[in-house]
Amino acid sequence: MSLWNWRKGSPFEPLAEHMARVRECVDHVLPMFESVRAGDYTRLKSLTDQVFKAEHEADKIKNDIRRTVPKAFSLPVYRGDLLAFVHVQDQLADTAEDLAVQLTIKKLVLPEAIADEVISYVRQVLSVCDRLYAAVRLLRTFHEEDFAGPKSQQLLQLVAEAEHEEWVADKAQYELAKHLFALDDQMKATDIFLWSGVFQNLGALANHADKTAERVRRMLA
């Protein structure tokens, strides 16, 4: 049985419900990195377990949306765009889960020489996500008449901000990668490899948030 009555209220309510579970995953990312920096692997294990649970819940909602997108009546947006939105939004949860796996595959040590820069980079990635959260909150209130109104302009502004923050994150990732590889005489090659993968997945998290925001623009179109 469907969790939603698509004929009543905003058709974007299910997307917002899915985002709530996705955000539960992503909200654990910064605490996970702080735990690694502090060497608190017990807390890290607890946080990663919560990520795995939230990702599973997000998958269940995603699958329910896919099953119940109505076929017998019209929506204010193209069905394919709605399903594509759910797909890219779900990738945020998947990437948070990937980070949880990477950070627990061994007891990683965050080099103090780049620790502040790493935490700053994580916060920048989450800044992209914050713009997306705001866009989805606004989208949740949308009805067909809003597509040409002031709410539409607010959404487009949030999408533009997400794009800018993702660009800033890309630059930060490049600088951080250079500083990581400059430590090659102080770190094991395996640790450099693992941290490089972690930073790439952080970049992927920012990219997925940006792509999801772009899907908002497509639905408005």
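What follows draws every value from the coordinates through simple rules; no lab data is involved. This one's a predicted model, so the numbers in the text were calculated from it and none came from an experiment. A quick note on method: Cβ atoms are made from the backbone with ideal geometry, for glycine too, and the neighbour counts reach across all protein chains shown.
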(request) Let me have the 222 nm mean residue ellipticity of the chain computed from DSSP H runs of 4+ only, each contributing -39500 (n - 2.57), with the sum over all residues rounded to the nearest 500. (result) -27000 deg cm²/dmol
(request) Take every Cα pair under 8 Å in the chain that's 6+ residues apart, average their separations, divide by the length, and report that relative contact order as a whole percent. (result) 29 percent
(request) Apply the Debye scattering formula to the stretch 102-177, with a single equal point scatterer on each alpha-carbon and no solvent, then give log10 I(q)/I(0) at q = 0.21, 0.26 Å⁻¹. (result) -0.91, -1.12
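Which of Val36, Val125 comes first, and how do the rest follow, when ranked by fewest Cβ neighbours within 10 Å?
Fewest to most other Cβ atoms nearby, the residues stand as Val36, Val125.
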(message) Could you list Asp185, Asp210, Asp130 so that the one with the fewest beta carbons within 10 Å of its beta carbon is first and the one with the most is last?
(response) Asp185, Asp130, Asp210
(message) Test of understanding: ordering Val216, Val22, Val69 by Cβ neighbours within 10 Å, fewest first, what list do you get?
(response) Val69, Val216, Val22
(request) Can you pull the one-decimal nm distance between simple spin-label points at Arg79 and Asp184, each 7 Å off the Cα toward Cβ? (result) 5.3 nm
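Can you list, largest first and rounded to whole Å, the semi-axes you get for the chain by taking the square root of 5 times each eigenvalue of its Cα gyration tensor?
The answer is 36, 19, 12 Å, longest axis first.
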(request) Would you be so kind as to identify all helices of the chain, as entire DSSP H runs, whose Cα atoms reach 27 Å or more along the helix's own axis and whose mean Kyte-Doolittle hydropathy is at least 0.0? (result) 79-104, 112-139
(request) For the stretch 90-144, just list the percent of Cα-Cα distances falling in each 10 Å bin from zero outward, please. (result) 19, 36, 28, 12, 4, 0
(request) Could you sort 106-118, 196-208, 39-51 so that the peptide with the highest average Cβ count within 10 Å comes first and the rest follow in order? (result) 196-208, 39-51, 106-118
